[in-house]
Amino acid sequence: MKTVEKFISINGEGAHAGELSAFVRFKGCNLRCSYCDTSWANKPDAPFTEQKPDELAAWVKESGVINVTLTGGEPLLQTDIAELIDLLILQGNRVEIETNGSIPLERLAALPRRPVFTTDYKLPSSGMEEHMRVENFALLNKHDSVKFVVGSTGDLERAREIIGAYLNDSPCHIFLSPVFGQIEPAAMVEYMQRYNMTNVRLQLQLHKFIWDPNERGV
């Protein structure tokens, strides 16, 4: 598995934001979002360490941290991802996968030891909306999340359309998250008030307020 970094920090977003997690970031992504803040990990020449699932599971176990966040890039591009998930859950970890919304989730959702999914829906400002798989929404449960990264009022309009079409009856968590520096969170709250969006949460990326927004390993 192509690992570009491993570190312990708080979850910056998602249902367990603010909790300590062991992060494993993998190299490579099949999308190129306009606002990507980890594009360095997707470059062909990005340095990485080849590690086996049992090696990564051992590192997590040694850390003593229960939450594990598998991220990227796009972690579902790693061929051994199911084996890693199984090893981590067997040793008592809660495994969350941050995925970009373009990869089918059926195989991993059907695992006997199922991970938690935090899946994006890429809105128009990302330039990647055409790659989204809305069929994944039907596989989500009360532990999973859908994240809409918002860069404009147009993005908010599209997010509201998608939520209305696919997620109003979903048990999953729904988050609206601003692109750092592109839209004011207050404007997003005003939009939520205007349309009575009571089934979503505004979420800021905590790590970008605690540390330098460009700092790695946090």
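The values are calculated or read from the model by the stated rules, or taken from the named source; none is laboratory data. Computed from a predicted model, the values in this text were never measured in an experiment. Please note: Cβ atoms are built from the backbone with ideal geometry, for glycine as well, and neighbour counts cover all protein chains shown. Note: accessible area is taken over every heavy atom of the protein model, side chains too, but ligands, DNA and RNA are not part of it. Shrake-Rupley method; radii C 1.70, N 1.55, O 1.52, S 1.80 Å.
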What is the angle, in °, between the Cα long axis of helix 81-90 and the longest principal axis of the Cα atoms in the chain? Nearest 10 is fine, range 0 to 90. 80
Compute the angle between helix 153-162 and the longest alpha-carbon principal axis of the chain, please, reported from 0 to 90 degrees and rounded to the nearest 10. 80
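What accessible area per residue comes out for the chain, rounded to a whole number of Å², with a 1.4 Å probe?
For the chain, the solvent-accessible area averages 47 Å² per residue.
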From the square roots a ≥ b ≥ c of the eigenvalues of the alpha-carbon gyration tensor of region 21-62, which class results: rounded (a/c under 1.5), prolate (a/b over b/c), or oblate? prolate
Farthest toward positive dipole pole in the chain [+1 Lys/Arg, -1 Asp/Glu at C-beta], among Thr49, Phe26, Met197: Met197
Arg94 neighbourhood, Cβ < 12 Å, K/R = +1, D/E = -1, net charge 0
Across the chain, how many lysine pairs, 8 or more positions apart or on different chains, have C-alpha atoms separated by under 17 Å? Please give the number. 11
Given H placed on each backbone N at 1.01 Å, which residues far from Gln182 in sequence or on other chains put an amide H within less than 5 Å of it? none
When the dipole is taken about the Cα centre of region 51-161, and only Lys, Arg (+1) and Asp, Glu (-1) are charged at their Cβ, what size is it in debye, to the nearest 20? 320
Non-local residues with an amide H under 5 Å from the amide H of Val116, with H modelled 1.01 Å from N and Pro and chain starts lacking one, are Val95, Glu96, Ile97
Computed [θ] at 222 nm, helices only, for the chain once each DSSP H run of length n ≥ 4 contributes -39500 (n - 2.57): -6500 deg cm²/dmol
Tally Lys and Arg at +1 and Asp and Glu at -1 over the other residues with C-beta under 11 Å from the C-beta of Asn136: what net charge comes out? -3
Does region 1-119 come out rounded, prolate or oblate by the C-alpha gyration tensor, with a ≥ b ≥ c the root eigenvalues, rounded set by a/c under 1.5 and, if not, prolate when a/b is larger than b/c and oblate if not? rounded
Rounded to the nearest Å, what's the spacing between the alpha carbon centres of region 53-86 and region 141-213? Just the number, please. 27
How large is ³J(HN,Hα), in whole Hz, for each residue of region 179-188 in order, when computed from phi with the Karplus curve 6.51 cos²θ - 1.76 cosθ + 1.60 and θ = phi - 60°, using x for Gly and Pro? 5, 4, x, 10, 9, 7, x, 4, 5, 5
What GluC sites (Glu not before Pro) in region 110-212 are in a loop by DSSP, with at most 10 other Cβ atoms within 10 Å of the Cβ? none
Take the alpha carbon gyration tensor of region 97-218, find the square roots of its eigenvalues, order them as a ≥ b ≥ c, and report rounded if a/c is under 1.5; if not, report prolate when a/b exceeds b/c, else oblate. oblate
Under Karplus coefficients 6.51, -1.76 and 1.60, residue-wise ³J(HN,Hα) of region 129-142 in Hz, glycine/proline x: 4, 4, 8, 6, 10, 5, 5, 5, 4, 5, 8, 8, 10, 5
Over the chain, what percent of the accessible surface lies on carbon and sulfur atoms, probe 1.4 Å? 50
Taking Lys and Arg as +1 and Asp and Glu as -1, residues besides Ser145 with C-beta under 13 Å from its C-beta add up to -2
